[in-house]
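What follows is a set of notes on a single structure, which appears directly below.
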Amino acid sequence: MSLRLGDKAPDFTAETTEGTIHFHEWLGNSWGILFSHPADFTPVCTTELGEVAKLKPEFDKRNTKVLALSVDDVESHRKWIPDIEETQNTRFNFPIIADQDRKVAELYDMIHPNASDKTTVRSVFIVGPEKKIKLILTYPASTGRNFEEILRVIDSLQLTADYSVATPANWQHGEDVIIAPSIKDEEIPEKFPKGHTKVKPYLRTTPQPNL
Ligand code: BEZ
């Protein structure tokens, strides 16, 4: 059965470029991103993994660990990493799972046989500290992902975990947010002392509360 938002992220043990990882134990109390790419030594994947390496300090700031996966073996991953470093002008700094037996790919439904029966699609799973799945994305092999968008979603998820708010379309950290419909008008001044705007009875905004 495929995974859905709110499900427990399945635990697994896997070999990676940084040794054996027990997924839940490796996550600890952090947020996590598990993302698959189709294959080593391919152009789009090379740019994606380089981009994630460059953004790693931003993931660290958000207490978020990153873990890549493809169905190639550790030896192949290790031979590919210098190419990523050279062409993307970065130092590689996170583990890649060697999933040549497809154990993790199948657990997370990352092989879509009508797209390719040999390789994983570009899946992204964001996992919260309680090990629940918070976001699922699936991109085709031909489209590299926007990892700034993944950071934006983490900002939204971490904010909305702590406050009764939601974030509007194209929201960026620092911009106004939407007060959750469950909050009554009379509760707003106490919960959101920075003020609010009632655009419609169902659309009430407030400055980002955790700044
Ligand atoms: C790539 O990463 O460039 C790629 C991988 C599989 C199919 C198409 C492109």
Percent of Cα-Cα distances greater than 14 Å, calculated over the range 113-157: 55 percent
Share antiparallel - DSSP beta bridges, the chain, percent rounded to 5: 70 percent
Relative exposure of 155, 73, 185, 40, judged by other C-beta atoms within 10 Å (fewest first): 185, 73, 155, 40
Volume per residue of the C-alpha convex hull in the range 59-172, rounded to whole Å³: 139 Å³
Distance in nm between pseudo-label sites at residue 187 and residue 86 (7 Å out along the Cβ direction from Cα): 5.9 nm
Pairwise Cα inverse-distance average, inverted: Kirkwood Rh of the range 163-206 (Å): 10.6 Å
Ratio Rg/Rh [Cα only; Rh per Kirkwood] for the chain: 1.04
Angle between the chain longest axis and helix 43-61 axis [Cα atoms, degrees, rounded to 10]: 50 degrees
Chain lengthening between residue 198 and residue 115 when straightened (0.36 nm per residue, less Cα-Cα): 25.3 nm
Part-to-part distance (alpha-carbon centres) for the range 63-85 and the range 138-211, which is given in Å: 33 Å
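How long are the three semi-axes of the equivalent ellipsoid of the range 106-211, in whole Å, if each is the root of 5 times an eigenvalue of the C-alpha gyration tensor, listed from largest down?
Equivalent ellipsoid semi-axes, largest first: 36, 14, 12 Å.
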Rounded tilt (10° steps) of 74-88 against the dominant C-alpha axis of the chain: 60 degrees
Distance in nm between pseudo-label sites at residue 146 and residue 62 (7 Å out along the Cβ direction from Cα): 1.4 nm
Within straight-line cross-link reach of residue 118, lysines at Cα separation under 17 Å, skipping those fewer than 8 residues along the same chain: 103
Computed label-point distance, nm, for sites residue 13 and residue 55 using a 7 Å Cα→Cβ extension: 3.2 nm
Subset of 54/191; 54/134; 131/200 violating a 26 Å alpha-carbon distance limit: 54/191; 131/200
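Taking a ≥ b ≥ c as the square roots of the eigenvalues of the Cα gyration tensor of the range 1-115, is the shape rounded (a/c under 1.5), prolate (a/b larger than b/c) or oblate?
Here the range 1-115 falls in the oblate category.
What ranking do 42, 206, 20, 120 get, fewest neighbouring Cβ atoms within 10 angstrom at the top?
Fewest-to-most ranking of 42, 206, 20, 120: 20, 42, 206, 120.
Throughout, read-outs are computed from the coordinates displayed, never taken from laboratory work. These numbers were taken from a predicted model, which means no experiment stands behind them. In this analysis, Cβ positions are derived from the backbone assuming ideal geometry, glycine residues included, and neighbour counts consider all displayed protein chains.
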